[in-house]
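Input: a single structure, listed below in structure tokens.
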Amino acid sequence: MPSEFVLVGLSWIDGQKQLVAFIFMLMYLIAVLANCSIITLVKTDRKLQEPMHIFICFLALIDLSVCSTVIPKALAILWFGSNTINSNSCLVQMYVLYAILGIQSSLFALMSFDRYVAVCHPLRHSIIMKSSFIVKSVVFIISRSTLLLIPIPALAAQMTYCKANVIPHSYCEYIEVIKLWCGDLTPTVVYMIILLCVFPGGDNALVIFSYVNIMYVIHMLRSSQARWKSFSTCSSHAILLSLFYIASAFPLFLFLYHPDSPLYLKTITEILSFLLLPMINPIVYGVKTKEIQDGLKRLYLRKFRNKAR
């Protein structure tokens, strides 16, 4: 394994590096501020201790972790030209990033199930989605992701590299690292198929099951007001789920149909997945969820009164 890798994903930005770095930093700070506000709000406001709000808090923590794993290195490349990363740091970044993304995929599926229970079985929601179930579910998805993704750095460390140690991203992207390998790739292919079955396969099956039943129940309601109320219950999650799928499908589309796509397209996928979504997610929930809006008002009113005293 080479001692270091060269990250060239942002090399196409020539004369505007400082401007791009400023935009990245501004978006990153907004993402940090927005997600920290959601976490603080749910943690301190007793009225927001419901399952969906706890999941939103967990999603905010995941978004913070995702953007903090990738964006600081991108800023270092733009500001200081530090476009190399040593092999150990590369392995750690790959593992942490994909483990977090696996947890995020499972969390969206768990949130879909919560919306399914809320819309299809509202009287049983407090019984099914009790605190013990939430804790067990969160522990399960974290354990599953962290354990199943251990082979990512293990395989990368054991393989033989026979191509230039250049990665066309601003972070260690596993698919691009695979392209540098030579020899038998069968274990890696089998492992990736297993991951596809476990994460997108299992998570998407739960999402499809939940939303098919949700749409059926909404369709069966006679009152338009009841339909709108039921739809608004899961509208925020549906919007973010759609954005998550778009961000996940775009790099896969480039890999399958445009493997030699220009660097700026790959940079767009990075911005979409690791900067724009962590910034948008808390904003969408803040705008679309009345309980969070009211909680934010209470939070800032308490701070204002404490300052006034």
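The values are calculated or read from the model by the stated rules, or taken from the named source; none is laboratory data. Computed from a prediction, not measured in an experiment: that's the story for all the values here. Note that we place each Cβ from the backbone using ideal geometry, even for glycine, and neighbour counts take in every protein chain shown. Heads up: the accessible areas ignore ligands, DNA and RNA and are worked out on the full protein's heavy atoms, side chains in. Shrake-Rupley method; radii C 1.70, N 1.55, O 1.52, S 1.80 Å.
Between residue 36 and residue 249, full extension at 0.36 nm per residue minus the direct alpha carbon distance yields a gain of 73.9 nm. The residue 79 and residue 132 beta-carbon pair, evaluated with R₀ = 41 Å, returns a calculated FRET efficiency of approximately 0.30.
Calculated FRET efficiency, residue 231 and residue 206, Cβ-Cβ r, R0 25 Å, to nearest 0.05? Plugging the Cβ-Cβ distance into 1/(1 + (r/R0)^6) gives 0.80. Placing +1 on the Cβ of every Lys and Arg and -1 on the Cβ of every Asp and Glu, with no other charges, gives the chain a dipole of roughly 1760 debye about its Cα centre.
Compared with the dominant Cα axis of the chain, that is its longest principal axis, helix 202-220 is turned about 30°.
For the pair residue 150 and residue 12, label points projected 7 Å from Cα toward Cβ lie 3.9 nm apart.
The label-point distance for residue 43 and residue 223, in a model that sets each label 7 Å from Cα toward Cβ, rounds to 4.0 nm. At full extension, residue 196 and residue 299 could sit 32.9 nm farther apart than now, given 0.36 nm per residue minus the alpha carbon distance.
Rounded to the nearest 10 degrees, the angle from helix 224-257 to the longest Cα principal axis of the chain is 0 degrees.
So with the 1.4 Å probe, I'd like the accessible area per residue for the chain, rounded to whole Å². That works out to 52 Å² per residue. Of the cross-linked pairs 130/229; 73/163; 179/266; 266/288, those separated by over 21 Å at the C-alpha level are 130/229; 73/163; 266/288. Heavy-atom accessible area with a 1.4 Å probe sorts 40, 160, 188, largest first, into 160, 40, 188. Helix 277-288 versus the longest principal axis of the chain: what is the Cα-based angle in degrees, 0 to 90, to the nearest 10? Taking Cα atoms only, the helix is inclined about 10 degrees. Using a probe radius of 1.4 angstrom, the carbon and sulfur fraction of the accessible surface of the chain is 68%. For the range 219-292 versus the range 15-56, the spacing of their alpha-carbon centroids is 16 Å.
Length gained on full extension, residue 163 to residue 287, computed as 0.36 nm times the residue gap minus the Cα-Cα distance: 39.8 nm.
The mean sequence distance of close C-alpha pairs (under 8 Å, at least 6 residues apart), as a share of the length of the chain, puts its relative contact order at 32 percent.
Just checking the listed ones, 70, 96, 217: in the Gaussian network model of the chain with Cα springs under 10 Å, the one fluctuating most is 217. Within the full protein context, the accessible area of residue 69 is estimated at about 30 Å² for a probe radius of 1.4 Å. Would any residue of the range 33-60 have its amide N under 11 Å from a label point 7 Å out along Cα→Cβ of residue 238? List them or say none. No residue passes the distance filter.
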